[in-house]
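Scroll down for the structure; my scribbles are underneath it.
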Amino acid sequence: MTPVASALRDRIAANGPLRLDEWMAACNAHYYATRDPLGADFTTAPEISQMFGELVGGWIGDLWLRAGAPPLRLIELGPGRGTLMADALRVLARLPDFGERVELALVETSPVLRAAQAGRLQGAAWFDSLDHVPDDRAIIVVANEFFDALPIRRRDSAGEVAVGAGFAETRLAGDGPVVDRFAGEWSPATQAIAAEIGARLRTRGGAALVIDYGGAGPHADTLQALRAGVPVDPFADPGEVDLTAHVDFTALARAAAVPAFGPVAQGVWLARLGIEARAARLRAAATLTERAAIDAALVRLTGTMGTLFKAAALTAADWPQPAGF
Ligand code: SAH
């Protein structure tokens with residue numbers, strides 16, 4: 001048994017079943033703190049192709065310019081290896097004054113991934129959570145595959161889901177059958193971060209771009225565990241597999257309480273931002289092998305992944321409408 005598993009076993013033995021969100025928080029904290037999972041257990045859009053981060057960079061730059069190029073803090077939540085931001089900044093660095101007016105803040109809890117980000121992103125500042133990021137200017141927040149890693153709670157007709165002795169799925173005692181109460185998943189952690197983003201957008205201005213799998217919610221039962229790209233039991237081997245749940249974009253927008261756009265399918269959003277033109281440009285300067293890779297990436301980002309993943313945005317009420325929605 002791993003140290004995480006025995007700690008969880010002892011916690012359950014002492015206090016009774018662990019609520020699903022507590023389980024997920026403990027497992028994912030250990031999982032991300034101890035490895036770089038990208039490419040091993042799962043891969044993400046920015047790791048598939050530079051086109052993804054470049055288009056996100058174009059989206060940010062377009063919005064920032066149309067908002068009058070104010071002093072800005074560009075915040076990324078859960079930047080992984082820093083690939084998306086490195087690709088975005090290559091595009092943004094061409095804008096006059098961007099370097100002087102924009103500061104970069106990265107919200108990352110994993111020391112392993114912070115080290116990877118530091119190797120690619122110079123001049124960034126790191127924070128453990130969004131509320132530790134200084135609140136003194138407009139913000140543009142980017143979050144790709146961040147919210148799906150945050151803990152969820154779930155209720156069904158038998159009660160609220162928890163993990164009991166032997167890591168067996170159970171229901172919390174005292175939480176009887178659901179008659180007219182909410183049944184499905186909800187994420188207090190996601191709602192708290194969305195509320196924090198919304199509060200800052202209302203007082204300082206700015207926007208947020210959220211890309212993740214999920215859709216208009218609520219979702220009934222989407223918790224999943226991945227190891228090496230293969231679905232496994234979410235209650236076996238705690239802290240050693242990636243736990244995710246679909247993002248409820250409706251609840252996220254409601255918690256932010258600012259103008260919201262989308263969700264639209266990632267493939268549609270990328271097409272509207274001009275991914276075909278970007279691919280053609282890259283192809284023109286590429287070798288034959290590179291061309292095949294560009295074509296394959298285009299298909300992955302706009303095909304299967306392009307349907308499963310959604311893009312959504314939040315803005316301050318007096319900011320311009322974001323591109324692609
Ligand atoms: N955005 C990246 C990585 C996605 S993986 C990409 O698209 O490739 C999820 C990221 O969120 C990792 O960087 C992980 O360490 C971070 N993360 C997970 N839970 C977090 C939390 N509670 N607070 C801050 N970062 C978190």
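The values are calculated or read from the model by the stated rules, or taken from the named source; none is laboratory data. Remember, it's a predicted structure, so these values are computed and weren't measured experimentally. Here Cβ is always computed from backbone atoms with ideal geometry, including for glycine, and neighbour counts include all displayed protein chains. Each accessible area value is taken on the protein alone, full model and side chains, heavy atoms only, with ligands, DNA and RNA left out. Shrake-Rupley method; radii C 1.70, N 1.55, O 1.52, S 1.80 Å.
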Env charge @ TRP126, Cβ radius under 11 Å, K,R +1 / D,E -1, value -2
Probe radius 1.4 Å, ligands and nucleic acids ignored: give me the carbon and sulfur share of the accessible area of segment 178-245 as a rounded percent. 57
Sorted list, accessible surface of protein heavy atoms, 1.4 Å probe, largest first, for TRP126, TRP64 is TRP126, TRP64
Label points 7 Å out from Cα along the Cβ direction at VAL264 and ASP36: separation in nm? 3.4
Counting alpha carbon pairs within less than 8 Å and at least 6 residues apart, what relative contact order, in whole percent, applies to segment 179-277? 33
Calculated from DSSP H runs of 4 or more alone, at -39500 (n - 2.57) each and per residue, what is the 222 nm mean residue ellipticity of the chain, nearest 500? -12000 deg cm²/dmol
Hey, what do the phi angles of segment 285-300 turn into as Karplus ³J(HN,Hα) couplings, whole Hz, using 6.51/-1.76/1.60 and θ = phi - 60°, x for Gly and Pro? 9, 9, 6, 4, 5, 4, 4, 4, 5, 5, 5, 5, 5, 4, 5, 5
Solvent-accessible area of PHE127 with every protein chain in place, 1.4 Å probe, in Å² to the nearest 10: 40
Considering only protein heavy atoms and a probe of 1.4 Å, how much of the accessible area of segment 4-140 is carbon and sulfur, as a whole percent? 52
Relative contact order (percent) for the chain, with alpha-carbon contacts under 8 angstrom and 6 or more residues of separation? 21
Go ahead and set up a Gaussian network model of the chain, Cα springs under 10 Å, then flag whichever of ALA67, ALA245, ALA292 fluctuates most. ALA292
When ligands, DNA and RNA are left out and all protein chains stay put, how many square angstrom of accessible area per residue does the chain have with a 1.4 Å probe? 42
Non-local residues with an amide H under 5 Å from the amide H of ILE140, with H modelled 1.01 Å from N and Pro and chain starts lacking one, are ARG73, LEU74, ILE75, ALA207
For segment 46-153, what is the relative contact order in percent, using Cα pairs closer than 8 Å and at least 6 residues apart in sequence? 33
Provide the percentage of antiparallel DSSP beta bridges, counting only those with both residues in the chain; round to the nearest 5. 55
Each residue of segment 266-274 in turn: what ³J(HN,Hα) in whole Hz from Karplus with 6.51, -1.76, 1.60 and θ = phi - 60°, glycine and Pro shown as x? 3, x, 5, 4, 5, 5, 5, 7, x
How much accessible area does VAL232 have with a 1.4 Å probe, in Å² rounded to the nearest 10? 60
Heavy-atom accessible area order for VAL56, VAL4, largest first, 1.4 Å probe: VAL4, VAL56
Rg(Cα)/(2.2 N^0.38 Å) for the chain, N = residue count: 1.02
Between VAL232 and residues 5 or more places away or on another chain, which pairs have amide H atoms under 5 Å apart, with H built 1.01 Å from N, and which residues are they? ALA225, LEU226, ARG227
